[in-house]
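Notes for the one structure printed next.
Coordinate-derived values only; no laboratory data. Fair warning: this is a prediction, and the values are worked out from it, not measured in the lab. A quick note on method: Cβ atoms are made from the backbone with ideal geometry, for glycine too, and the neighbour counts reach across all protein chains shown.
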Amino acid sequence: NAGVMQNPRHLVRRRGQEARLRCSPMKGHSHVYWYRQLPEEGLKFMVYLQKENIIDESGMPKERFSAEFPKEGPSILRIQQVVRGDSAAYFCASSGQMNTEAFFGQGTRLTVV
Amino acid sequence: SQQGEEDPQALSIQEGENATMNCSYKTSINNLQWYRQNSGRGLVHLILIRSNEREKHSGRLRVTLDTSKKSSSLLITASRAADTASYFCATCKETSGSRLTFGEGTQLTVNP
């Protein structure tokens, strides 16, 4: 039973480009969460999705960031017109039900140059 | 201010010693989870303790939860060099679904 799969593991983008981060939850999990981690800091919640629905996006920046979890395929975190401050590790987690263990992927390390 | 603050920020011990890390939080929770993160890697789930539980064990790990003090502790017994990592507590509020709020973590170094 594969764990949470994120790709790519590392992503380099120039300022102004778009970054697309993918996350496939654990088999049987329908709850997906995205978190961002800046160097030497803890994880900060961004968005919580279930299939085809955004449940809580209170941690998402108002502009340039969007997320989706389509009926088929992985969840996508999209960052448009990236800036240097977007450089961070982005982690995806999934859970099978509410208020249960969340399992994390290995993360995507985004570097904006 | 942070929901889920770990204490201490850094801890250095010798192999074989016990390591205790503390976590405080501010609001009512459904559960509290502890994670380990090795440098540059993903998070590994260690243990989940629910608000109606006071203590849980898993191998060399012992977690306590005091909801009256809004605090939790993680004890690692007989530490090993491989335990060197950052440890985070994360709270799941009653009203936030499964959204987790993380503290800043404790960096544990176990010296051989």
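Across segment B:72-87, which residue is farthest from the other protein chains (Cβ to nearest Cβ) among those that are touching a residue at least 60 places away in the same chain (Cβ under 8 Å) and surrounded by 14 or more Cβ atoms within 10 Å (Cβ to Cβ)? Filtering segment B:72-87 for residues that are touching a residue at least 60 places away in the same chain (Cβ under 8 Å) and surrounded by 14 or more Cβ atoms within 10 Å (Cβ to Cβ), the one farthest from the other protein chains (Cβ to nearest Cβ) comes out as B:79. The criterion of at least 1 residues that are among the acidic types (Asp, Glu) and free of Cβ contacts under 8 Å to residues at least 24 places away in the same chain is met by the following strands (runs of 3 or more DSSP E) wholly inside segment A:31-93: A:53-56, A:65-68.
Among all positions in segment B:51-71, there is at least one residue which is crowded, with 21+ Cβ neighbours inside 10 Å, in contact (Cβ under 8 Å) with a residue 12 or more places away in the chain and of a type in the set (Val, Ile, Thr).
If residue A:21 satisfies all but one of (1) more than 20 Å from residue B:93 (Cβ to Cβ); (2) outside any strand (DSSP E or B); (3) under 14 Å from the mean Cα position of the chain (by Cα); (4) more than 11 Å from chain B (Cβ to nearest Cβ), what's the number of the condition it fails? In the conditions (1) more than 20 Å from residue B:93 (Cβ to Cβ); (2) outside any strand (DSSP E or B); (3) under 14 Å from the mean Cα position of the chain (by Cα); (4) more than 11 Å from chain B (Cβ to nearest Cβ), residue A:21 misses (2) alone. Looking only at segment B:14-45, residues that are more than 8 Å from chain A (Cβ to nearest Cβ), surrounded by fewer than 21 Cβ atoms within 10 Å (Cβ to Cβ), of a type outside the set (Gly, Ala, Ser) and over 20 Å from residue B:57 (Cβ atoms) come to 5 in all. The set of residues in segment A:63-113 being over 18 Å from residue A:11 (Cα atoms) and more than 13 Å from chain B (Cβ to nearest Cβ) consists of A:63, A:68, A:69, A:70, A:71, A:72, A:73.
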